[in-house]
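**Student:** After the structure tokens below, expect a handful of questions from me.
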Amino acid sequence: MLAIGTNAPDFALPDQNGDVKKLSDYRGQKVILYFYPKDMTAGCTKQACAFGKLYPQFREKGAVVLGVSKDSVASHKRFEEKYGLPFPLLSDTERTVIEAYDVWKEKVNCGRVTMGVVRTTYLIDENGVIVKAFDKVKAAENPAQMLAELA
């Protein structure tokens, strides 16, 4: 996980519509940057839908939400359409941003060790500095937690 107080690495990734989004595009706004393992899975769906439900409140507080996984643009589009998600889902199929943000880790599932995305959320301030970082977050609780962090 990246350290609080450091500059968040800039990136350019396609969203669910194929439009390239850069972190630097959001200067002047707070950014909730969350990394999740996979579209359409139970935990990831709960987290995304909760961010979607609270999205108007994030916007009122001057923040945007960006979700990142290694799923394809097409997968993200299906995820967005199925659940009506109002924020960009960024496709990092090459894992460059996932690795730059130090969220590609060993995971143990049913006694089997694999590599994967550890559910992690960063709060980045208007100047591109990481001000909060949470790893191994609880999917369903994370959006409300991040909204409280903006208060």
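**Student:** Which residues, counting only those in the stretch 105-151, are in a strand (DSSP E or B) and either acidic (Asp, Glu) or buried (at least 18 other Cβ atoms within 10 Å of the Cβ) (or both)?
**Tutor:** Within the stretch 105-151, 106, 117, 120, 121, 122, 123, 124, 130, 133, 135 meet the criteria.
**Student:** Keeping to the stretch 4-33, report how many residues are hydroxyl-bearing (Ser, Thr, Tyr) and farther than 17 Å from residue 96 by Cβ.
**Tutor:** 2
**Student:** Out of all the residues in the stretch 92-103, is one or more assigned to a strand (DSSP E or B), surrounded by 14 or more Cβ atoms within 10 Å (Cβ to Cβ) and of a type outside the set (D, E, K, R)?
**Tutor:** No, the stretch 92-103 has no match at all.
**Student:** Scan the stretch 31-44 for residues that are over 11 Å from the mean Cα position of the chain (by Cα) and surrounded by fewer than 19 Cβ atoms within 10 Å (Cβ to Cβ) and report the count.
**Tutor:** The qualifying residues number 5.
**Student:** Here's a follow-up. Take residue 131 and decide whether it is touching a residue at least 60 places away in the same chain (Cβ under 8 Å) and under 19 Å from residue 28 (Cβ atoms).
**Tutor:** Yes: the conditions hold for residue 131.
**Student:** With the requirement that a residue be surrounded by fewer than 14 Cβ atoms within 10 Å (Cβ to Cβ) and not in a loop (DSSP other than H, G, I, E, B), what does the stretch 10-24 give you?
**Tutor:** Of everything in the stretch 10-24, those that are surrounded by fewer than 14 Cβ atoms within 10 Å (Cβ to Cβ) and not in a loop (DSSP other than H, G, I, E, B) turn out to be 12, 20, 22, 24.
**Student:** Is it true that some residue in the stretch 70-80 is of a type in the set (Gly, Ala, Ser), loosely packed, with under 14 Cβ neighbours inside 10 Å and more than 19 Å from residue 15 (Cβ to Cβ)?
**Tutor:** no
**Student:** Testing residue 91 on (1) touching a residue at least 40 places away in the same chain (Cβ under 8 Å); (2) touching a Phe, Trp or Tyr at 6+ places or on another chain (Cβ under 7 Å); (3) among the small types (Gly, Ala, Ser), one condition comes back false. Which one is that?
**Tutor:** Going through (1) touching a residue at least 40 places away in the same chain (Cβ under 8 Å); (2) touching a Phe, Trp or Tyr at 6+ places or on another chain (Cβ under 7 Å); (3) among the small types (Gly, Ala, Ser) one by one, residue 91 breaks only (2).
**Student:** What are the pairs, 6+ residues apart or on separate chains, where a residue within the stretch 61-84 that is at positive phi has its Cβ under 7 Å from a residue that is surrounded by 18 or more Cβ atoms within 10 Å (Cβ to Cβ) and part of a strand (DSSP E or B)?
**Tutor:** Here the result reads 62/30, each pair linking the stretch 61-84 to a residue that is surrounded by 18 or more Cβ atoms within 10 Å (Cβ to Cβ) and part of a strand (DSSP E or B).
Values in this text are rule-based calculations from the coordinates and carry no lab data. Being a predicted model, the structure only gives us computed values, none of them experimental. Cβ sites come from the backbone with ideal geometry, for glycine too, and all protein chains shown count toward neighbours.
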